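A.B. asks: Below is one structure. I have some questions about it.
The values are calculated or read from the model by the stated rules, or taken from the named source; none is laboratory data. All figures in this text were calculated on a predicted structure; none of them were measured in a lab. A quick note on method: Cβ atoms are made from the backbone with ideal geometry, for glycine too, and the neighbour counts reach across all protein chains shown.
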Amino acid sequence: MAWDKDNLKKIVKAKIGSYKFIIVSNREPYIHRFFEDEIRCVTPVSGMALVLNIVMQICGGIWVAHGSGEADKDVVDFNDHIQVPPENPNYTLRRVWLTKEEMNGYYFGFANEGLWPICHNAYTRPIFRKSDWDMYRKVNEKFAKIILEEMDDNEGFVFIQDYHFTLLSKILKDKRPDITVAQFWHIPWPNEETFRICPWGDEILEGLLGNDLLGFHIRHHCQNFLDTVDHSIEAKVDWEKSSITHNEKETLIRPFPISVDFKKIENMSRQAEVEENIKRIKKDRRLKNRLIGIGVDRIDYTKGILERFKAIDRFFEKYPQYLGRFSFLQLGPLSRIHLQQYKNYNDEVYHLMVEINEKYQFKDWQPIILRKTYFSQEDLINYYRLADICIVSSLHDGMNLVAKEFVASRWDNDGVLILSRFTGSARELETALLINPFATDQFADTIKEALEMDEEEKKKRMQRMREIVEENNIYRWTAKILSEIFKLGLEEI
Ligand code: F6P
């Protein structure tokens, strides 16, 4: 069955009935900010928040998340609730307030300096501080208290997002064994040897095994998780069934490759104003009448932006006939900039861009243009459509939704996707040009191959990728994951 918003909505509504549905994540789907004399509502730079927002609009219920905007407190009611989406409210956002100390320890410290680097093979050393871990535990407890308050005496489901909440499911289940708890891990799960580095690894595993269902993007990460548990704690790992029993409680481990709203992106991309916007953007003298490559990433060391720039440098060294003919546009909003590793990475990206530009630029042309501002999905679609090639060169990535958004927006079947083998998306988008971002020479040759690919070949590759993303869209992901959750609490959909 082809899943879309309408058929999923009908089935979900019928199944959920009186059950309460609560989603939990660190990042909230809407952020309120002060702009001069008014408060504006913006969406965060987060593929996770974008797709989960679609799920919530279908399921309804409550989304519990950290209130991170400076104007967030001014718009909630006395329960810290606000109805969203602003244009057509149909679910509740419950904001959780965290102090600076809590954010530093739980989010910047343990989650992003500890867990993030050990889960990604990007060769950035993880930092584990006892004080961060203590704060991380405290914040997981704080979220648990709020979720239980929201659940009240109702029967229901809690669907937790990501590595910020490894202890949450166990805390919830200890207090309310009757509720169904599932968690989706949006980043890779490392191999057992790497995970062992974490000083509180066993507590994390026991925390995660509070879930009835634990999802990863790909089977390989499920296997890494099963293997990590097998080597670490007293638990029965059933490889056949892909489940773990710990303290007489079973957790199912399943792959669910996340995706995008294919139809919505395609429709947005077909709007007449996109053509107008493309013309306007291409008026920039640095882009006019040139072949254009784009990259869209948060400035994060896992995204392989330096490796991408090095490959572009090598490409111009090897193929000087492209000097002045090809420009690369990197769109990259700043991220987690409080952290030293991110500050350094941001500087390195900037300096490398300047170095490459100085090496080759002439007249009104420069090889790399870097824009660090925020781009909404609507803005990005213009860039996806105007690009001759799109480069995703993550050193390691759970899925990578930029690759799928690019494909969904190319209804013209044009454009070539260069995609890192180390992303979850590469398992599905096999007709992209797959690269190893560390292999600079091959990467440079792949840029040339992409720019010189004949129209028929481009079309064939893009059509295949589009079929895959159209079928495995966000509604299918939601249906599959909810089906497993409902099987545990209700019947399958
Ligand atoms: O993929 C991991 C993740 O934390 C997502 O939840 C989110 O989309 C992205 O990284 C952005 O990170 P942050 O919320 O820390 O800005």
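A.B. asks: Within segment 111-134, restricting attention to residues that are away from the ligand (no atom under 16 Å from the Cβ) and assigned to a helix (DSSP H, G or I), which residue is surrounded by the most Cβ atoms within 10 Å (Cβ to Cβ)?
C.D. replies: Top of the filtered list is 133.
A.B. asks: On to the next question. Quick one: in segment 292-304, which of the residues that are outside any loop (DSSP other than H, G, I, E, B) and within 16 Å of the ligand (Cβ to nearest atom) is surrounded by the most Cβ atoms within 10 Å (Cβ to Cβ)?
C.D. replies: Residue satisfying both the conditions and the ranking: 303.
A.B. asks: Would you mention how many residues in segment 9-26 are within 16 Å of the ligand (Cβ to nearest atom) and within 17 Å of residue 474 (Cβ to Cβ)? Outline the logic, then answer.
C.D. replies: In the first step, residues of segment 9-26 are kept if they are within 16 Å of the ligand (Cβ to nearest atom); the result is 23-26.
Then keep just the ones that are within 17 Å of residue 474 (Cβ to Cβ); that gives 23, 25.
Number of matching residues: 2.
A.B. asks: Follow-up question, since we're still on this one. If a residue counts only when it is under 22 Å from residue 215 (Cα atoms), which helices (runs of 4 or more DSSP H) contained entirely in segment 398-493 have at least 3 such residues?
C.D. replies: Those helices (runs of 4 or more DSSP H) span 401-409, 455-471, 474-489.
A.B. asks: Which is touching a strand residue (DSSP E or B) at 6+ places or on another chain (Cβ under 6 Å), more than 16 Å from the ligand (Cβ to nearest atom) and not in a strand (DSSP E or B), of 226, 148?
C.D. replies: 226
Yes or no, residue by residue, for (1) more than 18 Å from residue 393 (Cβ to Cβ); (2) among the charged types (D, E, K, R):
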| position | (1), (2) |
| --- | --- |
| 287 | yes, no |
| 298 | no, yes |
| 301 | no, no |
| 307 | no, yes |
| 314 | no, yes |
| 337 | yes, no |
| 346 | no, no |
| 365 | yes, no |
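A.B. asks: Just the residues that are farther than 18 Å from residue 331 by Cβ and assigned to a helix (DSSP H, G or I), please, taken from segment 245-291.
C.D. replies: 262, 263, 264, 266, 267, 270, 272, 273, 275, 276, 279
A.B. asks: Turning to a different aspect of this structure: Quick check on my filter: what residues within segment 183-204 are in contact with a Ser or Thr (Cβ under 6 Å, 6 or more places away or on another chain) and among the hydrophobic types (A, V, I, L, M, F, W, C)?
C.D. replies: 195, 204
A.B. asks: Follow-up question, since we're still on this one. Kindly provide the set of residues from segment 1-47 that are under 15 Å from residue 93 (Cβ atoms) and either outside any strand (DSSP E or B) or of a type in the set (Phe, Trp, Tyr) (or both), ordered by number.
C.D. replies: Within segment 1-47, 21, 26, 27, 28, 29, 30, 43, 44, 46 qualify.
A.B. asks: When you scan segment 48-63, do you find a residue that is in a loop (DSSP other than H, G, I, E, B) and within 16 Å of the ligand (Cβ to nearest atom), even just one?
C.D. replies: There is no residue in segment 48-63 that is in a loop (DSSP other than H, G, I, E, B) and within 16 Å of the ligand (Cβ to nearest atom).
A.B. asks: Which members of segment 323-344 meet the condition of being part of a loop (DSSP other than H, G, I, E, B) and either more than 30 Å from residue 290 (Cβ to Cβ) or in contact with a helix residue (DSSP H, G or I) (Cβ under 7 Å, 6 or more places away or on another chain) (or both)? Let's see the steps before the verdict.
C.D. replies: Keep residues of segment 323-344 that are part of a loop (DSSP other than H, G, I, E, B), which gives 323-325, 332-339.
323, 332, 334, 335, 336, 337, 338, 339 - these are the residues of segment 323-344 that are part of a loop (DSSP other than H, G, I, E, B) and either more than 30 Å from residue 290 (Cβ to Cβ) or in contact with a helix residue (DSSP H, G or I) (Cβ under 7 Å, 6 or more places away or on another chain) (or both).
A.B. asks: Can you find a residue in segment 74-82 that is more than 13 Å from the ligand (Cβ to nearest atom), on the phi > 0 side of the Ramachandran plot and either touching a residue at least 12 places away in the same chain (Cβ under 8 Å) or not assigned by TED's automatic domain parsing to the domain that holds residue 154 (or both)?
C.D. replies: Checked segment 74-82: at least one residue is more than 13 Å from the ligand (Cβ to nearest atom), on the phi > 0 side of the Ramachandran plot and either touching a residue at least 12 places away in the same chain (Cβ under 8 Å) or not assigned by TED's automatic domain parsing to the domain that holds residue 154 (or both).
A.B. asks: Between a residue in segment 166-184 that is outside the structural domain of residue 204 (by TED's automatic domain parsing) and at pLDDT below 95 and any residue that is acidic (Asp, Glu) and crowded, with 21+ Cβ neighbours inside 10 Å, which pairs come within a Cβ distance under 7 Å, given they are 6 or more apart or on different chains?
C.D. replies: Going by the 7 Å Cβ cut-off, there are no qualifying pairs.
A.B. asks: In addition: Just to be sure I understand, how many residues within segment 27-47 are within 16 Å of the ligand (Cβ to nearest atom) and touching a helix residue (DSSP H, G or I) at 6+ places or on another chain (Cβ under 6 Å)? Can you show your working first?
C.D. replies: Just the residues of segment 27-47 that are within 16 Å of the ligand (Cβ to nearest atom), to begin with: 27-31, 33, 42-47.
The next check asks that each one be touching a helix residue (DSSP H, G or I) at 6+ places or on another chain (Cβ under 6 Å); those that pass are 27, 29, 47.
So the count comes out to 3.
A.B. asks: Can you tell which of 336, 314 is assigned by TED's automatic domain parsing to the domain that holds residue 351, closer than 27 Å to residue 421 by Cβ and within 16 Å of the ligand (Cβ to nearest atom)?
C.D. replies: Of 336, 314, the one residue that is assigned by TED's automatic domain parsing to the domain that holds residue 351, closer than 27 Å to residue 421 by Cβ and within 16 Å of the ligand (Cβ to nearest atom) is 336.
A.B. asks: Regarding segment 448-465, can at least one residue be identified that is over 24 Å from residue 185 (Cα atoms), crowded, with 21+ Cβ neighbours inside 10 Å and touching a residue at least 60 places away in the same chain (Cβ under 8 Å)?
C.D. replies: yes
A.B. asks: Residues of segment 153-181 being part of a strand (DSSP E or B) and either within 21 Å of residue 397 (Cβ to Cβ) or within 16 Å of the ligand (Cβ to nearest atom) (or both), which ones?
C.D. replies: Matches in segment 153-181: 159, 160, 161.
A.B. asks: Is there a residue being of a type in the set (Ser, Thr, Tyr) and within 19 Å of residue 52 (Cα to Cα) anywhere in segment 218-232?
C.D. replies: No; the residues of segment 218-232 include none that is of a type in the set (Ser, Thr, Tyr) and within 19 Å of residue 52 (Cα to Cα).
A.B. asks: Give just the number: which of (1) surrounded by fewer than 20 Cβ atoms within 10 Å (Cβ to Cβ); (2) more than 30 Å from residue 53 (Cα to Cα); (3) touching a strand residue (DSSP E or B) at 6+ places or on another chain (Cβ under 7 Å) does residue 371 not satisfy?
C.D. replies: (2)
A.B. asks: Looking at segment 375-396 only, could you name the residues that are surrounded by 13 or more Cβ atoms within 10 Å (Cβ to Cβ) and assigned to a loop (DSSP other than H, G, I, E, B)?
C.D. replies: The answer is 375, 387, 388, 393, 394, 395, 396.
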